[in-house]
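Visitor: Have a look at this one before I ask anything.
Throughout, read-outs are computed from the coordinates displayed, never taken from laboratory work. Keep in mind that this is a model prediction, so the values were computed, not measured.
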Amino acid sequence: MRYVLLLVALLGVALGVAGIAHGEADDSPGLQFLGVLLVVGAVVFGVWEVRRGR
């Protein structure tokens, strides 16, 4: 189950990076901001999950 949650966090990072790239191409600061929030949230969740497992 832990690996599934880490996979979800990795998917969140990938979607956030895609949102940042798409927002940059479309010149949309709101989409870039949402992408950054998604990446930061996914990284925090991933780190929290790894630390919780120890």
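Visitor: At 222 nm, what value in deg cm²/dmol follows for the chain if DSSP H runs of at least 4 each add -39500 (n - 2.57) and the sum is divided by all its residues, to the nearest 500?
Guide: Computed mean residue ellipticity for the chain: -32000 deg cm²/dmol.
Visitor: Measure nothing but the geometry: give the 0 to 90° angle between the long axis through the Cα atoms of 2-26 and the longest principal axis through the Cα atoms of the chain, rounded to 10°.
Guide: 10
Visitor: Specify the angular offset, from 0 to 90 degrees and rounded to the nearest 10, of the alpha carbon long axis of helix 29-52 from the longest principal axis of the alpha carbons in the chain.
Guide: Helix 29-52 and the main axis of the chain meet at about 10 degrees.
Visitor: Please report, in Å, the Rg and the Dmax of the chain, where both are computed over Cα atoms only.
Guide: 12.6, 42
Visitor: Could you give the length gained on full extension between Ala21 and Leu34, defined as 0.36 nm per residue of separation minus the Cα-Cα distance, in nm? Could you put the intermediate results ahead of the total?
Guide: Working: separation 13, 0.36 × 13 = 4.68 nm, distance 1.15 nm.
Stretched out fully, the Ala21 to Leu34 stretch lengthens by 3.5 nm.
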